[in-house]
Amino acid sequence: MKIKKYIAFLLVAITALACAACGTPKNNDDSSDGKNDCNVEVKDTETLLAKNGITDYRIAVSAEADDDIMTAADELVTFFKESTGATLKIVSDNRVTWSNTEKYLVIGENAVSSAAGIVPDSDLGTSGFNIETKGKSVFMVGQSSEAAIYAVYDFMYYTFGLEFFTGEAYTIEKSDVLYLKELTVKSVPSFDYRYGPTSAIWNNPQWLRRLRFVKPTDVLIEAQSDFWATTLDIVPIDEYYETHKDYFSTEKNANGRPVDVNFSNPEMWKVALENIKKLILENPGKDRIMFGMQDVTSWDQSKGSLDNLEKYGTYSSSEILCVNYLAKNVREWLAKEQPGRRVKIGIFAYNKAIEAPVKSDGKGGFEPTAPEMMLDEDVFVVIAPLQTDYNYSYEDSSKKNQTMANAIKGWSVLCDDILIWGYMQNFAFYLLPFNTFNTMQGMYRFYKANNANAIYDEGAMGPTYGGTAFFELKQYLASKFAWNVDADMNDLINRFMKGFYGEAGEEMRKYYDGMISLTTYDINELGMPGGVYENLLQAKYWPKGTLDAWMTYFENAYQSIDPLKTANPERYETLKFRIDKERVSLLYILIELHSSYYTEDELLEMKLEVKRICEKADIRLRKESAVLQKDAIGGALMQDLYNYWGIGA
């Protein structure tokens, strides 16, 4: 994707502080995240970092620095120059020596950090980091190169106010004179693995990295065509079905093919084990692989599966017996084949397998139905609570989500390595607001409290790379809560509105507040559903008078940026486009539900406006699949909608 650099020039005030907790953001300690397990000290010094476009500082990296370290260095060079006008030089650790008077910005562990006695804390996980000022140098280190990138981002936040809202939108302070900060930072995210929510961010490495997300392909071993639902890639039907039908589920699809493997068959386990070994050898840099069930709603009804169901109480028991066998044998094999390497194997808790094999412990909690239901130390679980009503938290007094809450709690008893696959999108209506804002933070806290160390809060996927209905805001909040479940949500929203919409931020905040107010009323008074496939396109949820009031916010937003037409045309076009994208949702609702209020010419103009903006924004889908909430339009593409509207050509 061709990336244009859009910058929101907003001055962020940062003043010095002493030992403020990142979980309680203040003006001088709201960083880009405010962290859960984080300690921060920031003090002013009289040491110059840069003055009048000149700096004595250099970036020090290992002579064998990998791509992540060099990316971190390049980011620091780029934004340091934008902030101060000065260009930092990058030097290798084998060409310099450290002393208290040398001026280095040190990225990652290398000879310079070693000479200074800087060692990252052992409890940082994969992406946590330390920042420490020692002498006149600053050290940015973690247990991985990825963590060093995040350390550099926080260094730039504390030093010159850099904060990202998307890959291209950010705020930054500019000054002719910049002083060194004395920094002592330890930052450990709430979730060690944070997967990008949408295909838009997956396909934009800059956006992904700057919001501190990763892609599944960065972490998981891919099995032929997939890295999540891998069972039929690891034990292919075409290779084994004719001779070993019992390896596969008794349940068939419309074409008569098995929908999945038979998890209860130990002979199938042996085949899966050998094929998993091959994949592990082919992927030396990765340490996780899924043996994940297929995306189906049925389950094998063979005698083995039914016996396990009766004995342990859930269909998922067959998965557990299988994956425990795989994990144990992979561990023993690796100890001989590649000593020191550890690979974890994952399963899904999803659909028929959502419930964990647990029972009440008599104390308000759960315990396994049998000792063998405890998951091996080298197993992780991906819980996908698809049946959740996202209008309500898991601990809401209505108990709307009690079944899903108990499932998550149950799995947390069996496993301490859990990835939550949540949902932030109504997949039947990509163009409509879907208010998960009310419950997002509470759900993230619930996940964290129940052993989740990874999160993938899925949004709009498929061949669509833009969005409306606060598409960017929701991903921004997801990135913040994934780093710190206790971050100040209202503060984050205000920062986003100012940083992303600039001069129009106040009016766009009014629109956001109006959307939250209306949908909250719809939920409480009209029973608007919160499932991810529900029909939200109903006139009772979107009254014309309210939509007209919202349109006024857009008119005011455009007026607020109007002076930029001449003062800063590029910035004007950037902000206008961002406002336009939000307006798509409103125009769509008016066209679909309130067309009788408009003349044919007015409707045509509105439809053409939607098409123009969506094509520019690369919004290609109106919903995930044509089978969801079937309607007269038919297909899932925006082009199908344009054809239906009579503007397809």
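The values are calculated or read from the model by the stated rules, or taken from the named source; none is laboratory data. Please read these numbers as outputs of a predicted model, since none were measured by experiment. Cβ sites come from the backbone with ideal geometry, for glycine too, and all protein chains shown count toward neighbours. Calculation scope for accessible area: heavy atoms of the full protein, side chains included, ligands and nucleic acids excluded. Shrake-Rupley method; radii C 1.70, N 1.55, O 1.52, S 1.80 Å.
Of all alpha-carbon pairs in the stretch 226-283, indicate the percentage at a distance above 14 angstrom.
Numbers: 902 of 1653 pairs.
That fraction is 55 percent.
Could you tell me what fraction of 2.2 N^0.38 Å the Cα radius of gyration of the stretch 269-380 comes to, as a two-decimal ratio? Working shown, then result.
On the way: Rg = 15.3 Å, N = 112, 2.2 N^0.38 = 13.2 Å.
So the stretch 269-380 has a normalised radius of gyration of 1.15.
Accessible area, 1.4 Å probe, largest first: how do Y158, Y193, Y521 sort?
Details: Y158 0, Y193 30, Y521 125 Å².
Largest to smallest exposure gives the sequence Y521, Y193, Y158.
Straight-line reach from K448: which aspartates and glutamates have a Cα under 14 Å away, not including same-chain ones fewer than 8 places off?
Excluding near neighbours in sequence, the set is D37, D192, E395, D416, D417, D457, D486.
Figure the gain on full extension for E609 and Q629 (residue separation times 0.36 nm, minus the Cα-Cα span) and round it to one decimal in nm. Mind dumping the intermediate values first?
Values: separation 20, 0.36 × 20 = 7.20 nm, distance 2.48 nm.
Contour length minus the Cα-Cα distance gives 4.7 nm.
At a probe radius of 1.4 Å, what is the per-residue accessible area of T171, in Å² to the nearest 10?
Probe radius 1.4 Å; accessible area of T171 about 0 Å².
What translational diffusion coefficient, to the nearest whole µm²/s, does the chain have by Stokes-Einstein, given a Kirkwood radius computed over alpha-carbon pairs, a temperature of 20 °C and 1.002 mPa s viscosity? The partial results should precede the final answer.
On the way: Rh = 26.7 Å.
Taking Rh from Cα pairs, D becomes 80 µm²/s.
Below 8 Å, C-alpha to C-alpha, sequence gap of six or more: please give me the relative contact order for the chain in percent. If you can, show how the numbers build up before the last one.
Values: 1277 pairs, mean separation 77.9, N = 649.
Answer for the chain is 12 percent.
May I ask which residue of G531, A567, M515 lies farthest towards the positive end of the charge dipole of the stretch 484-567, with charges of +1 (Lys, Arg) and -1 (Asp, Glu) on Cβ and the Cα centre as origin?
Toward the positive end, the furthest listed residue is A567.
How far is it, in nm, from the label point at T552 to the one at T97 when both lie 7 Å from their Cα along the line to the Cβ?
7.2
Order D396, D246, most accessible first, counting only protein heavy atoms with a 1.4 angstrom probe.
Working: D396 50, D246 85 Å².
Descending order: D246, D396.
For the residue pair S398 and K616, what label-to-label distance in nm results when each label sits 7 Å from Cα along the Cα-to-beta-carbon direction?
About 3.9 nm separates the two model spin labels.
With every protein chain left in place and a probe of 1.4 Å, what is the accessible surface of K81, to the nearest 10 Å²?
Solvent-accessible area, nearest 10 Å²: 100 Å².
Determine the order of K286, K363, K278 by accessible area, beginning with the largest, at a probe radius of 1.4 Å.
Numbers: K286 50, K363 180, K278 120 Å².
Solvent-accessible surface, decreasing: K363, K278, K286.
N283 to Y521: FRET efficiency via 1/(1 + (r/R0)^6), r the Cβ-Cβ distance, R0 60 Å, to the nearest 0.05? Before the final figure, lay out each step's value.
Numbers: r = 50 Å, r/R0 = 0.84.
After rounding, the FRET efficiency stands at 0.75.
Give K510/K544; K359/K409; K311/K352; K278/K303; K89/K136 a once-over and call out the pairs whose C-alpha atoms are over 19 Å from each other.
Numbers: K510/K544 17 Å; K359/K409 11 Å; K311/K352 16 Å; K278/K303 30 Å; K89/K136 16 Å.
As for pairs spanning more than 19 Å Cα to Cα, those are K278/K303.
Please give the Cα centre distance for the stretch 159-190 versus the stretch 293-360, rounded to the nearest Å.
Cα centres, the stretch 159-190 to the stretch 293-360: 44 Å.
Let's see if you can work this out: charge +1 on each Lys and Arg Cβ, -1 on each Asp and Glu Cβ, no other charges. What is the dipole magnitude of the stretch 483-622 about its Cα centre, in debye to the nearest 20? Please report the intermediate quantities before stating the final value.
Numbers: 18 positive and 25 negative charges, 65 e Å.
For the stretch 483-622, the charge dipole is close to 320 debye.
For the chain, what is the accessible area per residue in Å², given a 1.4 Å probe and the full set of protein chains? Each step should come with its number before you reach the end.
Details: 25740 Å² over 649 residues.
Per residue, the chain has 40 Å² of solvent-accessible surface.
Find how much the distance from I647 to D513 grows on full extension, using 0.36 nm per residue of separation minus their present alpha carbon separation; answer in nm with one decimal.
Numbers: separation 134, 0.36 × 134 = 48.24 nm, distance 3.29 nm.
Roughly 45.0 nm would be gained on extension.
How large, in percent, is the carbon and sulfur part of the accessible surface of the stretch 168-244 at a probe radius of 1.4 Å?
Numbers: 1150 of 2640 Å².
For the stretch 168-244, the apolar C and S fraction of the accessible surface comes to 44 percent.
Once the dipole of the chain is set up with Lys and Arg at +1 and Asp and Glu at -1 on Cβ about the Cα centre, which of N52, A617, F165 lies farthest towards its positive end?
N52
For a distance above 20 Å, tell me the whole-number percent of Cα pairs in the stretch 355-470 that qualify. Display every interim value, and only then the final one.
On the way: 3060 of 6670 pairs.
It works out to 46 percent of all Cα pairs.
Treating only the Cβ of Lys, Arg, Asp and Glu as charged (+1, +1, -1, -1), what charge dipole size does the stretch 236-338 show about its Cα centre? Round to the nearest 20 debye. The partial results should precede the final answer.
On the way: 13 positive and 17 negative charges, 60 e Å.
The dipole magnitude comes to about 280 debye.
Using R₀ = 30 Å, calculate the FRET efficiency as 1/(1 + (r/R₀)^6) where r is the Cβ-Cβ separation of N203 and E570; round to 0.05. Could the numbers behind the result be given before it?
Numbers: r = 24 Å, r/R0 = 0.81.
Rounded to the nearest 0.05, the efficiency is 0.80.
Calculate the spin-label point distance for K252 paired with K359, positioning each point 7 Å from the Cα along the beta-carbon direction, and give it in nanometres.
Here the answer is 3.8 nm between the modelled labels.
How large is the dipole of the stretch 149-288 about the Cα centre if only Lys and Arg carry +1 and Asp and Glu carry -1, each at its Cβ, rounded to the nearest 20 debye? Could the numbers behind the result be given before it?
Numbers: 16 positive and 21 negative charges, 67 e Å.
The calculation lands at about 320 debye.
Between D238 and I54, 0.36 nm times their residue separation minus their Cα-Cα distance comes to what? It would help to have the intermediate numbers written out before the result.
Details: separation 184, 0.36 × 184 = 66.24 nm, distance 6.53 nm.
Length difference between fully extended and current span is 59.7 nm.
Leaving out ligands, DNA and RNA, and with a 1.4 Å probe, what % of the accessible surface on the stretch 520-649 is carbon or sulfur?
Numbers: 3060 of 6290 Å².
Carbon with sulfur: 49 percent of the solvent-accessible area.
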